[in-house]
Amino acid sequence: MFPIGDDNSARRSTPVVTYALIAINVVVFFLELQRGTAFITEWAFIPARFTDDPSRDAVTILSAMFMHGGWLHLGGNMLYLWIFGDNVEDRFGPVRYLLFYLAAGLAATFAQYAVNPDSAIPNVGASGAIAGVLGAYLLMFPRARVDVLLGRHVVAMPAFLVLGFWFVLQLVSG
């Protein structure tokens, strides 16, 4: 099951924030690839390091939100952001959407921190922010259908099933 799009016929605006977020995530990922482990260690959110010195490490709360653990992590997150983020941005407006996206990412980071503040494992990825966007999509468009590639066929499926699949993938890969 591979989502390929949803109905954008009611969208009234160009999703510039969604496109910008995708571009930033891709650029940061290429920086990760180019600069390697040192870049990840410096810019990822590491709960134990934050516990030791929150003021020194505060910037990583935001920077980690734009990093990814690999091509599939990046590709999956950006695909779901592209399909669902544009509709949420259209409803919220660009500024409220950006603030919501960042707040969801921050909430996810602090949820991980609350569970294990002594963890030395880097937290990277936009999954928390995207989970917030997907939750908003479900609330705003509860009857929406999403086109998915199922084998060789394109099938319209209820959005809640497609988003449920994303959630299960997050649990399995996490």
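Quick note on the range 46-174: its Rg to Rh ratio, both from C-alpha atoms and Rh being the Kirkwood radius, is 1.01. What does the charge add up to near Asn8, with Lys and Arg as +1, Asp and Glu as -1, over the other residues with Cβ less than 15 Å from its Cβ? Neighbour charge sum, excluding Asn8 itself: -2. Note on the range 136-174 and the range 1-77: Cα centroid distance 21 Å, given to the nearest whole angstrom. Note on Val172 and Arg96: with the Förster distance fixed at 41 Å, the Cβ-Cβ geometry gives a FRET efficiency of about 0.80. Summing charges over all other residues whose Cβ lies under 15 Å from the Cβ of Leu79, with Lys and Arg as +1 and Asp and Glu as -1, gives -3. When the helices of the chain are scored as -39500 (n - 2.57) per DSSP H run of n ≥ 4 and the total is divided over every residue, the value at 222 nm lands at -21500 deg cm²/dmol. The stretch between Phe39 and Ala58 holds 5.3 nm of extra length on full extension. This uses 0.36 nm per residue minus the Cα-Cα distance.
Taking amide H as placed 1.01 Å from N in the peptide plane, the amide H of Ala144 sits under 5 Å from that of Ala159, each at least 5 places away or on another chain.
Here the range 9-104 has 68 percent of its accessible surface on carbon and sulfur atoms, given a 1.4 Å probe and all protein chains in place.
At 1.002 mPa s and 20 °C, plugging the Kirkwood radius over alpha-carbon pairs of the range 15-106 into Stokes-Einstein gives what diffusion coefficient in µm²/s? For the chosen part, D equals 152 µm²/s. State the antiparallel share, in %, of DSSP beta bridges confined to the chain, rounding to the nearest 5. Antiparallel bridges: around 100 percent, rounded to the nearest 5.
The values are calculated or read from the model by the stated rules, or taken from the named source; none is laboratory data. Because the structure is a prediction, the values reported are computed rather than measured. Note that each Cβ is placed from the backbone with ideal geometry, even for glycine, and that neighbours are counted across all protein chains shown. To get the accessible areas, we keep the full protein, side chains included, count just its heavy atoms, and leave off ligands, DNA and RNA. Shrake-Rupley method; radii C 1.70, N 1.55, O 1.52, S 1.80 Å.
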